[in-house]
Amino acid sequence: MDRLVGEAVNPEQTAGLVCAHHHLYSALARGMPAPPRTPTGFQEILELVWWRLDLALDADTIEWSAKLGALEALERGCTAIVDHHESPHAIDGSLSIIADACAEVGVRVNCAYGVTDRHGSEGAAAGLAENDRFLSGGGRGMVGIHAAFTCDDDTIAAAAEMAERHDVGVHVHVAEGEADTWTRLAGHTADNWWLVHGVHLPDDHGLLGTIIHNPRSNMNNAVGYARPQRFSNPVGLGTDGIGADMLDEFRVAFVRAREHDVTTTPDDTWSWLDTGYELFPEARNDRVTWDYQPMDPWRLAYSPGVSPTTVEIDGQVVFADGAAALVDGDEIRHKAAEAAQRLFRKLENMT
Ligand SMILES: [Zn+2]
C-alpha cells in the first residue's frame with residue numbers, strides 16, 4: 001500500500017506534504033471588508049471578491065501574504081507549494097518576491113503568474129513578461145494562465161509557447177465554472193500542464209496534464225463536484241488558497257468523494273497527495289514528525305487535529321517545539337496583520 005512513508009521511516013513520520021494549488025496572495029484576505037454586494041454565483045465571487053483583492057495588492061502585501069502563507073503551510077507539515085499568483089498593479093518582480101518570502105521561511109515553492117486579458121493586452125503582455133523574467137533567471141515555476149475564459153487565443157498560444165521554451169508546464173484554472181471556454185486550450189496542452197479544478201470537464205475532455213482537485217474551494221464557490229476519479233489524467237490535491245493544511249484537505253476530499261461514491265477508500269484519496277511529488281520529487285525526502293501514529297490514511301481520514309511536532313526540509317529542521325526555526329513566526333503574524341490593514345483600507349476606498 002502506498003503510504004508516502006518509506007519502509008525505513010517511523011510510523012509517526014511522513015514525507016513533506018505538497019499543496020498542489022495555492023494562492024499565497026489570499027493569506028491576508030481573511031477579515032477583509034465585505035464586497036459591495038453579496039455575490040450570487042461563481043462569476044460574481046470572482047468579480048466582487050478576488051478581482052478586487054488582486055487589484056489592491058502591492059509589493060509589500062505580496063511579500064507579507066507569502067510569508068504568512070508559507071509559515072502556516074510549514075506549521076501544518078506542508079513543505080512544498082505550487083503557487084498561482086495575480087497582482088495586476090504590481091506584476092513586475094512579483095514572483096521573485098513570493099519565491100524569496102518562501103525561501104526565508106524555508107518552504108519550497110513553484111511560482112506562476114496567471115496571465116489574463118482582463119486588463120487589456122498590455123496587462124497580458126506584462127504577465128507573460130513576468131513569467132519569462134522569473135523563469136529566465138532560474139526561478140522554479142511554470143507559466144501561469146488565469147483561465148481560458150479571461151484570455152485571448154493569442155495570449156493562450158504565447159503562454160503555451162513560452163512554457164515549451166522553458167521546458168515547464170502551464171498552470172491554469174480549467175472548467176471551474178460552467179462558463180469557462182476551456183476547449184480553447186485543446187491542442188496546446190502537454191503532460192506537464194497543471195489543470196486546476198476540471199469540475200465541468202467531460203470525461204473525454206482530451207486535455208493532457210495533471211488535474212488538481214480543490215474540494216473545499218469548489219464547495220465554497222458552489223461550482224459543483226469535479227468527481228476526479230473519473231479522469232484518466234493523474235489527480236493531485238490543492239487548497240486553492242484556503243491555507244495549506246493538506247491533511248485537512250485530504251479529509252474534505254475523502255468525505256466529498258464518499259458522498260458521491262460510498263465505496264471510495266482513504267487510500268484512493270491519499271494517492272492524490274502523492275501526485276504533488278511530480279513537481280517536487282525532493283519533498284519525498286522531507287520529514288514531518290506528527291503527534292500521532294501510525295500515519296495511516298484509514299485512521300487519518302477520521303482523525304482531525306493531527307499536528308506536526310518537527311519538520312525537516314532538505315535535512316534542515318525548519319519547525320520544532322511548536323515554532324518555525326528560521327524565522328520569527330510571531331513577527332510574521334504581526335507584520336502580516338499590519339499589511340492586511342493597509343490592504344483592507346485600499347479595498348474600502350475602491351470604487
Ligand atoms: Zn485557484
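Laboratory data are not the source of any read-out in this text; all were calculated from the coordinates shown. Since we're looking at a predicted model, the values are computed, not measured. Cβ coordinates were reconstructed from backbone atoms using ideal geometry, including for glycine residues, and neighbour counts include every protein chain displayed.
Semi-axes, largest first, in whole Å: what does sqrt of 5 times each Cα gyration tensor eigenvalue give for the chain?
The equivalent ellipsoid of the chain has semi-axes of 29, 24, 20 Å.
Set the Förster radius R0 to 51 Å, insert the Cβ-Cβ distance between N349 and V262 as r into 1/(1 + (r/R0)^6), and round the FRET efficiency to 0.05. Before the final figure, lay out each step's value.
Values: r = 50 Å, r/R0 = 0.98.
It comes out at approximately 0.55.
Under the definition of Cα pairs under 8 Å and six or more residues apart, what whole-number percent is the relative contact order of the chain?
Values: 716 pairs, mean separation 78.0, N = 351.
So the answer I get is 22 percent.
Taking each DSSP H run with n ≥ 4 as -39500 (n - 2.57) and averaging over every residue of the chain yields -10500 deg cm²/dmol at 222 nm.
Considering only DSSP states other than H, G, I, E and B, which GluC sites (Glu not before Pro) in the range 162-192 qualify as loop sites with at most 15 other Cβ atoms within 10 Å?
Here the GluC sites (Glu not before Pro) that fit, given the DSSP loop and packing criteria, are E178.
Each Lys or Arg adds one and each Asp or Glu takes one away; over the other residues whose Cβ falls under 13 Å from the Cβ of A179, this sums to -4.
How many percent of DSSP beta bridges within the range 14-348 run antiparallel, rounded to 5? Please report the intermediate quantities before stating the final value.
On the way: 11 of 36 bridges.
Taking every DSSP beta bridge with both residues in the range 14-348, the antiparallel ones total about 30 percent.
Packing here is the average count of other Cβ atoms within 10 Å per residue, and on that basis the peptides 88-96, 143-151, 57-65, highest first, run 143-151, 57-65, 88-96.
If you place +1 on the Cβ of every Lys and Arg and -1 on the Cβ of every Asp and Glu, how big does the dipole about the Cα centre of the chain come out, in debye to the nearest 20? Show your work: numbers first, answer last.
On the way: 26 positive and 54 negative charges, 140 e Å.
Charge dipole of the chain: 680 debye, to the nearest 20.
Stretching the chain fully between E178 and A34 yields a gain of 49.3 nm (0.36 nm per residue, less the alpha carbon separation).
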